[in-house]
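Trainee: Let me begin by handing over the structure; questions about it come next.
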Amino acid sequence: MNTPTPESQPAVRPLPEEVEANSPGDLEVKNGVVYYRGSRPFEELDFPPETEANAEDYDWAMQDPQVRREYGGLIVAVRGRKVWGAGKTPRAASEQAGKTPGCPDLDELVFVAVPAPGFGPSARMP
């Protein structure tokens, strides 16, 4: 897999259950960028189709200054412009979200790797 550039927008989408259950260490997060380290080629993983609501939540989590300040470098579980859980891994964000009263079903959440401060499209070059 190619190394992401600062202009790219890394995202974590829920992995298929059989992959997530059998490969808990397949995702590595460094400075808000998610690297897939699994044995199965990334291109062969089955992802659900992206919906407009998912795209809007993703864009909001990537661009909202408060989300970036509070959660930069972490994975957030988002739905309806609300962060339901956060953690260093998608599993940790999912577990926290699942404990939050009123949280939507976990399969409705969008998982986003929020760029660390100073990284991403809004970062300034010296």
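The values are calculated or read from the model by the stated rules, or taken from the named source; none is laboratory data. Bear in mind the structure is a predicted one, so any value in this text is a computation, not a measurement. Glycine also receives a Cβ, built like all others from the backbone with ideal geometry; neighbour counts cover every protein chain displayed.
Trainee: With the structure loaded, tell me whether Thr5 is among the polar types (S, T, N, Q) and modelled with pLDDT of 90 or more or whether it fails that test.
Mentor: No.
Trainee: Continuing with the same structure: From the list Gly38, Gly102, Gly118, exactly one residue is at pLDDT 95 or above and assigned to a loop (DSSP other than H, G, I, E, B). Which is it?
Mentor: Only one candidate passes the filter, namely Gly102.
Trainee: Further question on the same structure: Does the range 86-96 include one or more residues that are in a loop (DSSP other than H, G, I, E, B) and without any contact (Cβ under 8 Å) to a residue 40 or more places away in the chain?
Mentor: Scanning the range 86-96, I find no residue that is in a loop (DSSP other than H, G, I, E, B) and without any contact (Cβ under 8 Å) to a residue 40 or more places away in the chain, so the answer is no.
Trainee: For the range 58-85, give me each residue that is assigned to a strand (DSSP E or B) and without any contact (Cβ under 8 Å) to a residue 40 or more places away in the chain.
Mentor: If the condition is that a residue be assigned to a strand (DSSP E or B) and without any contact (Cβ under 8 Å) to a residue 40 or more places away in the chain, then Val76, Ala77, Val78, Val83, Trp84, Gly85 are the ones that fit.
Trainee: If you go through the range 62-81 one residue at a time, how many are more than 16 Å from Ala116 (Cα to Cα) and either surrounded by fewer than 18 Cβ atoms within 10 Å (Cβ to Cβ) or modelled with pLDDT under 95 (or both)?
Mentor: The qualifying residues number 2.
Trainee: Every residue in the range 89-99 that is surrounded by 13 or more Cβ atoms within 10 Å (Cβ to Cβ) and not small (Gly, Ala, Ser), please.
Mentor: Selection gives Thr89, Pro90, Arg91, Glu95, Gln96.
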